[in-house]
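Taking it in order: structure first as structure tokens, then the write-up.
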């Protein structure tokens, strides 16, 4: 025989479920409080992005949250998200200004364009480089968490400036083939860095300071293939970064891989023998 809807057994089950739900809420709230008090903020997804904190497990996601959808036509979204991104820079003591977006036709478009103008940041040279705001965020994190400490620790001098190239309306490697993917430079989402200037007057260039490329690197393999030579089964010993300049450049390249999307240097191919390519793409590549 079916029990009536007001069966005491059913009411007891509902009461037990309600108690369990509240217990789960209380335990969850306690766990969040513990995490908030003990886990560094750079690892917590609900905290704001702080450019002065080390790179954490949620840093990349927080930067991606500031990026614009590809080729959005919603101008209010562009303005609002870019202002939110710029506010993050200002809170970190970086002076930044909004500049006119660029549209040179085709794939050569910068939306949410900004320019770093000063403040607590190593200046880019030449002045006035235009880029997408999230790329500026990545640059500031990299120069604070890697560039500055590496220069003082390895080279014994503070950094005075970073030489860089930015926007360029072109495809990857300057290709004219329409099937070749557009460069991240064409959307203001990449920096090419050939040299770092130190306060003691030294100019550390990638071309002159990197030293020998690793024998097992992609660049070495491409060179062997171009010469018609088959790569050895296991490869010769790795090249050794014997100078302070080489150690410095390798360190800032490796650290950049935790902050930028794609990072390329002399180990990648001959086209990058004289500079580091750092971009904000969502294609993880470190070479």
Hey, can you tell me all the residues within the range 174-212 that are in contact (Cβ under 8 Å) with a residue 24 or more places away in the chain, in contact with a helix residue (DSSP H, G or I) (Cβ under 7 Å, 6 or more places away or on another chain), at negative phi and in a loop (DSSP other than H, G, I, E, B)?
-> 189, 210
Complete set of residues in the range 62-100 that are in a loop (DSSP other than H, G, I, E, B), under 12 Å from residue 132 (Cα atoms) and modelled with pLDDT of 95 or more = 99, 100
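Within the range 155-166, can one find any residue that is assigned to a helix (DSSP H, G or I), more than 22 Å from residue 84 (Cβ to Cβ), touching a strand residue (DSSP E or B) at 6+ places or on another chain (Cβ under 6 Å) and modelled with pLDDT of 95 or more?
Going residue by residue through the range 155-166, those that are assigned to a helix (DSSP H, G or I) are 155.
Restricting the remaining residues to those that are more than 22 Å from residue 84 (Cβ to Cβ) gives 155.
If we keep only those that are touching a strand residue (DSSP E or B) at 6+ places or on another chain (Cβ under 6 Å) as well, we get none.
Within the range 155-166, not a single residue is assigned to a helix (DSSP H, G or I), more than 22 Å from residue 84 (Cβ to Cβ), touching a strand residue (DSSP E or B) at 6+ places or on another chain (Cβ under 6 Å) and modelled with pLDDT of 95 or more.
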Checked the range 262-286 for anything part of a loop (DSSP other than H, G, I, E, B) and out of contact with any strand residue (DSSP E or B) (no Cβ under 6 Å at 6 or more places or on another chain); matches are 266, 267, 268, 269, 273, 280, 282, 284
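Yes/no per residue for (1) within 21 Å of residue 91 (Cβ to Cβ); (2) crowded, with 19+ Cβ neighbours inside 10 Å; (3) touching a residue at least 40 places away in the same chain (Cβ under 8 Å); (4) over 18 Å from the mean Cα position of the chain (by Cα):
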| position | (1), (2), (3), (4) |
| --- | --- |
| 128 | no, no, no, yes |
| 138 | yes, yes, yes, no |
| 144 | yes, yes, yes, no |
| 158 | no, no, yes, yes |
Across the range 38-56, what is the number of residues that are exposed (fewer than 13 other Cβ atoms within 10 Å of the Cβ) and at pLDDT 85 or above?
-> 0
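Please work out if residue 215 is assigned to a loop (DSSP other than H, G, I, E, B) and modelled with pLDDT under 65.
Working: assigned to a loop (DSSP other than H, G, I, E, B): yes; modelled with pLDDT under 65: no.
Taking the combined requirement at face value, the residue does not satisfy it.
The values are calculated or read from the model by the stated rules, or taken from the named source; none is laboratory data. Please read all numbers here as calculations on a predicted model, not as lab measurements. Note that each Cβ is placed from the backbone with ideal geometry, even for glycine, and that neighbours are counted across all protein chains shown.
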